[in-house]
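Some notes on the structure that comes next.
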Amino acid sequence: MSRAVTRVAVVGAGPAPWLAAAVLAGSLAGSGVAITVITIPGVPTAVATLPPLAGLHRRIGVDSDRLVRAAGAYSLGVQFVGFGGNDFFVPFGGHGPAIGDAPFAALYSRARDAGLRVAFEDFSLNAAAAKQGRFFVADAASTAYALCDHGFHLHGAAYVAALEAVTRRAGAAVVAGTPVVAERDAAGLVARLVLDTGAVIETDVVITCTDLPALSDTWTRWPIPFDRRLIAVGAALDRLPAFGRSVATARGVADILPLVDATAVDYRFAGADDAALAEATAAAGMRLRVVARDALAPGRRANSWVGNVIAIGEAVVRLDGVATPVLHMVQLALALLVTLFPRDAGEQAGAREFNRRTALAADRLCDFHLAPLCLNRRAEPIWAALRTGELPTLLRDKLDLFAANGEVALASDETFLHDSWQAVCFGSGMVPARTTPLADRLRDAELAAELQRRLRFIREQVGAMPEHRAWLTPPR
Amino acid sequence: MTPLRVVIVGGGSSGWMAAAAFTCLLPPSACTVRLIESDEIGIVGVGEATLPHVRYFFERLGIDEPAFVAATEATMKLGIEFVGWGAPGDSYIHPFGGYGRPIAGAEFQHAWARGRRLGIAKRLEPYSFAVAAARAGRFARPSPDRSDIRSTFDYAYQFDATLYARFLRAHAEGHGLRRTEGRVVAVTRDATSGDIASVTLASGEVVAGDLFIDCSGFRALLIGETLASPWQDWTHLLPCDRAMAVPCANTGPLHPYTKATARAAGWQWTIPLQHRTGNGYVYSSALISDDAAAATLLANLPGPALAEPRPLRFRSGRRTASWTGNCVAVGLASGFLEPLESTSLYLAQIAVTTLLDLWPGSPVDPRLRAEFNRRIDREYDRVRDFLVLHYHATSGYDTDLWRHVRTMTLPDSLAEKIELFRATAHVTRYHDGLFAPESWLAVFEGQGIVPTNHSRIVDGLEPDALARRLGEIEREVATALTTLPSHDDHLRGLRAAAA
């Protein structure tokens, strides 16, 4: 029994369903697919995005810079604070080019073994600019040095409003309500969503960014002990940083997202709520107002596409924090979906590939999220347990290899590549036991001179950059 | 830090690639390199056709293209022509290049698949610049301008493997490599670690080392005979186990591609070089005798034979651990996959460059070894799947061999890939290793695996607009083609540059 897909319901709260609906409306417009967005109440205070999202914004007609200027901020990377060693920066950019056959990370390792007292991040234009309150958009000079990119911190409500506008313009219908019943046809496919308002939405495919009665409920748990979450806001920072911070506390991590007119805090921790606000306040260094508290169970749904229900974003991945925005998972899912979108409601041709790739990408994001946690040097029992606990195999292998010779073993479907892993590993204080002798051809003096030249280049570049806040005043 | 003592056992393409890379790219403080080879032992030397990666290897080593082309009688290679694979009498080229351009924001094959169903698209070939150039016998280096259709391909070489080994030897010796003529008669292992401590030559000389590179070919003197690293057999997937090779004289213009022709008991390669053409028949010994294979080969040469056919025996499969203890196998000692997609030298190259990235000290850090074996395994598995696809998606000969490969159980990784393409026209891109989606597309389409569907993104294209766009791409290819010199002229130019 076949049912052609002509109607798609996209369900969820926050930006994810709008992103999905806008992309699908644009891609499937000529294919005779009508899209209905079912919006559930709930808008995040703030959203941190990874650099690739800017491309998706362009495609659907969202002006990222305008959004940032109105109520957001740019982000050149994430600073990790209080993990027991030195603070360190994971920039959205590289750390400088190879010299001949020698990768920069190997040269850096070698120079440090020889006594260089400069952090890995000091070779990142992004990190240097961010730490001095500056911001920049990559130009020829910076790109010749390293790929330099940026993400955004967006005000949740403003972002959702902008996405809603483009989605409506793209022709999607919008209904407010929460699905309470999913009715199936004789083939077992979802045919109708009944909302709490009483409205009934007929559909051939359901894309959901939230838990639904129709979803299978097998989850893979990730070894992250934080099971509670506190969302709070504080005042805007005076000298507005163009980066997020991930601050470790005695029993959790507080992510701090500066915005032009506020500071958003997302604190994930283990145990009782009592002291959470005080801990978040200390981490942020400012008075905070609580917005929400809820439970957290970090993990991934085993199968995201089952029957004619396709889960994306938070319906697949429960993992928060500025370094691992769930919106990136939405973007990856959409790239696959537009290629594999079914013609028939029961069609499963793309489901296996979709589920396989989604799971790989999510697990690799989780690995990256776990890395700074398990490389911590704090004394508290929860942190000691993270340090010694069992890790996912690929993460264990990756850290082992880095410890052995500073190489990064990238797997399939990684979001974060060499530079990001090197930033976390060096930043967390790992010292590779050896490096490839490809890095040994340069003479000591030549290497030292080259590194000095690079540090000078970064100083000069950053010195000429405007303050971050200057970028946020509307262009004249 | 004392330099690592590296001992390479065996010359040939693999041994000399390793030797050249280590001596050219690593400083003397890192290692001393010795290569032991015996002039008594011939080299297999079938790997005459390569993949574009070999050019990047040469670039790293500072090898000059005209000098190399002159020294090895090399020709340019734009891809492989497969004759009679999908069905008897058909032919397609798997190019080192892509097809068309993205249409409506989707990869080309989606609009193309829709066009096929509407009856307005041709087969894939006319949309590939590399295929057009190969068919026309023309060649030029790719354009650096990404908007130019002449930038949409890459190229490799076809060369004389014996001359290649000799060329790399001169290059390595020029960088100070120490070569020792001799035959290994004994291998001594460390009593505690089990690592190889030294090899003893027929002359009585004992060569001690910290890291041993086994380039002894099929014999696998160190990794197999000494260390007994287990062999994973893939004969059930790739049943051919023999090859008969013979060179013949050139006749007519040299084509800038390799040819693989399906035959009743296997397939035949044709590799044009400047001074002669390499030919070989890869077959299953269960089906025909060596004499019958030789007769078939001699009856199907493009020119007069220049020597007696030479038989080779092999077994498809690989070591489960190419790096065992302090011994790294490179080339045939590590594994064998028949030369259908010219991957032999690529696999040797990857072993060498991966070892450079994961260079050990003494004793070997097991974490480096584990990562090396993971990467090499992945490469072998992927090439295996791709080769199996060629055999599987066929319809011509009705011999035991072909019936078996058509009906055998495929590795899951391959079965899923085929199924996905058939159902969606989508091919997943790996983050590393062979082969790119364009290559899978070429073989799928060339051997009759047709997508029954395509991305819905291209549904909105008006048929007229789609036909126009496809026509434009085809004309762009055809027009650009006329600007290319012939392959023979290009080779003459390179010869002149080398002189």
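Since every read-out is calculated from the coordinates, none of them should be taken as a lab result. No experiment lies behind these values; they were computed from the predicted model shown. Glycine also receives a Cβ, built like all others from the backbone with ideal geometry; neighbour counts cover every protein chain displayed.
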Given 0.36 nm per residue, what is the gain on full extension from A:A384 to A:A433 after removing their alpha carbon distance, in nm?
15.3 nm
Label B:L118 and B:T180 with points 7 Å out from Cα along Cα→Cβ: what is the distance between them in nm?
7.0
Helix A:156-169 versus the longest principal axis of chain A: what angle, 0 to 90°, nearest 10, using Cα atoms?
50
If the reach is capped at under 12 angstrom between alpha carbons, list the aspartates and glutamates near B:K417, excluding any in the same chain fewer than eight residues apart.
A:E353, B:D385
What is the diffusion coefficient of the protein assembly as shown in µm²/s, taking the Kirkwood radius over Cα pairs and the Stokes-Einstein relation at 25 °C with a viscosity of 0.890 mPa s?
80
In sequence order, what are the phi-derived ³J(HN,Hα) couplings for region A:225-234 according to the Karplus relation 6.51 cos²θ - 1.76 cosθ + 1.60 with θ = phi - 60°, rounded to whole Hz, with x for glycine and proline?
x, 7, 10, 10, 9, 10, 10, 8, 10, x
CD proxy, 222 nm, chain A: helix-only mean residue ellipticity via -39,500 (n - 2.57) per DSSP H run with n ≥ 4, per residue, nearest 500, stands at -11000 deg cm²/dmol
Using the crude model of +1 on Lys and Arg Cβ and -1 on Asp and Glu Cβ, and no other charge, please compute the dipole size for chain A relative to its Cα centre, in debye to 20.
560
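If the only charges are +1 at each Lys and Arg Cβ and -1 at each Asp and Glu Cβ, what is the size of the charge dipole of chain B around the Cα centre, to the nearest 20 debye?
Roughly 480 debye, rounded to the nearest 20.
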Taking 0.36 nm per residue of separation and subtracting the Cα-Cα distance, what length does fully extending B:T407 through B:A299 add?
35.9 nm
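Expressed in nm², what is the orientationally averaged projection area of the convex hull enclosing the Cα positions of region B:424-475? Intermediate results must be reported in sequence, preceding the final value.
Values: hull surface 19.6 nm².
Projected area, direction-averaged: 4.9 nm².
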How big is region A:1-94 by the Kirkwood estimate over distinct Cα pairs, in Å?
16.3
Per-residue HN-Hα couplings for region B:27-33 [Karplus 6.51, -1.76, 1.60; θ = phi - 60°; Hz; x = Gly/Pro]:
x, x, 5, 7, 7, 10, 10
Summed side-chain charge close to B:Q158 - residues other than B:Q158 whose Cβ falls under 15 Å, Lys, Arg +1, Asp, Glu -1
-4
Placing +1 on each Lys and Arg Cβ and -1 on each Asp and Glu Cβ in the protein assembly as shown, then taking the dipole about the Cα centre, the residue among B:G266, B:L356, B:A87 whose Cα reaches farthest towards the positive end is B:L356
What does the net charge come to around A:V317 if you take all other residues with beta carbon closer than 9 Å to its beta carbon, with K and R at +1 and D and E at -1?
+2
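Assuming R0 = 22 Å, what is the FRET efficiency of B:E40 and B:R313, from their Cβ-Cβ distance, to the nearest 0.05?
Computed FRET efficiency for B:E40 and B:R313: 0.70.
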Could you give the angle, 0 to 90 degrees to the nearest 10, between helix A:104-113's Cα long axis and the longest principal axis of the Cα atoms of chain A?
40
Classify region B:379-499: rounded, prolate or oblate, from the alpha-carbon gyration tensor (a ≥ b ≥ c, eigenvalue square roots; a/c under 1.5 rounded; otherwise prolate if a/b is larger than b/c)?
oblate
Using +1 at the C-beta of Lys and Arg and -1 at the C-beta of Asp and Glu, which of B:L227, B:V207, B:G217 has the Cα lying farthest in the positive direction of the dipole of region B:203-251?
B:G217
Under the rule of at least 5 residues apart or a separate chain, name every residue whose amide H is placed under 5 Å from the amide H of A:A191.
A:E183, A:R184, A:D185
B:S362 long-range amide H proximity, modeled H, under 5 Å:
none
Quote the charge dipole size of region A:228-295 about the Cα centre in Debye, to the nearest 20; the model charges only the Cβ of Lys and Arg (+1) and of Asp and Glu (-1).
60
Calculate how steeply helix B:437-446 sits against the longest principal axis of the alpha-carbon atoms of chain B, using the helix alpha-carbon long axis, and give the answer as 0 to 90 degrees to the nearest 10.
60
Going 7 Å from the Cα of B:D398 along its beta-carbon direction, which residues of region B:432-459 have the amide nitrogen within less than 18 Å of the resulting point?
none
Whole-number value, in Å³ per residue, for the convex hull of the alpha carbons of region A:228-295 is 71
From the residues B:S344, B:P463, B:I36, which one has its Cα farthest along the dipole of chain B in the positive direction, the dipole being from +1 and -1 charges on Cβ of Lys/Arg and Asp/Glu about the Cα centre?
B:P463
Determine the calculated [θ] at 222 nm for chain B from helices alone, applying -39500 (n - 2.57) to every DSSP H run no shorter than 4 residues and normalising by the residue count; nearest 500 deg cm²/dmol.
-11000 deg cm²/dmol
Filtered GluC sites (Glu not before Pro), region A:411-476: DSSP coil and at most 13 other beta carbons within 10 Å:
none
Shape of chain B, Cα gyration tensor, a/c cut at 1.5
prolate
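Can you compute the FRET efficiency between A:D261 and A:A282 using 1/(1 + (r/R0)^6), with r the Cβ-Cβ distance and R0 = 25 Å? Round to the nearest 0.05.
0.65
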Count neighbours as other Cβ atoms within 10 Å of each site's Cβ, and list the trypsin sites (Lys or Arg not before Pro) in region A:380-470 that are DSSP loop with at most 15 such neighbours.
A:R443
Would you order A:E279, B:E371, B:E472 from fewest to most other beta-carbon atoms within 10 Å of each residue's own beta-carbon?
B:E472, A:E279, B:E371
Can you tell me the mean projection area, over all orientations, of the convex hull of chain A's alpha carbons? Units nm², please.
23.3
Can you list residues from other chains, or at least 5 along the same chain, whose modelled amide H is less than 5 Å from the amide H of B:S395?
B:A87
Starting from the Cα gyration tensor of region B:381-437, take the square roots of the eigenvalues, sort them a ≥ b ≥ c, and report rounded, prolate or oblate (rounded when a/c is under 1.5, otherwise prolate if a/b is larger than b/c, else oblate).
prolate
What's the local net charge at A:D444, with K and R +1, D and E -1, over the other residues with C-beta under 12 Å away?
-1
So if R0 is 51 Å, what FRET efficiency would B:S143 and A:A297 give, r being the distance between their Cβ atoms, rounded to the nearest 0.05?
0.40
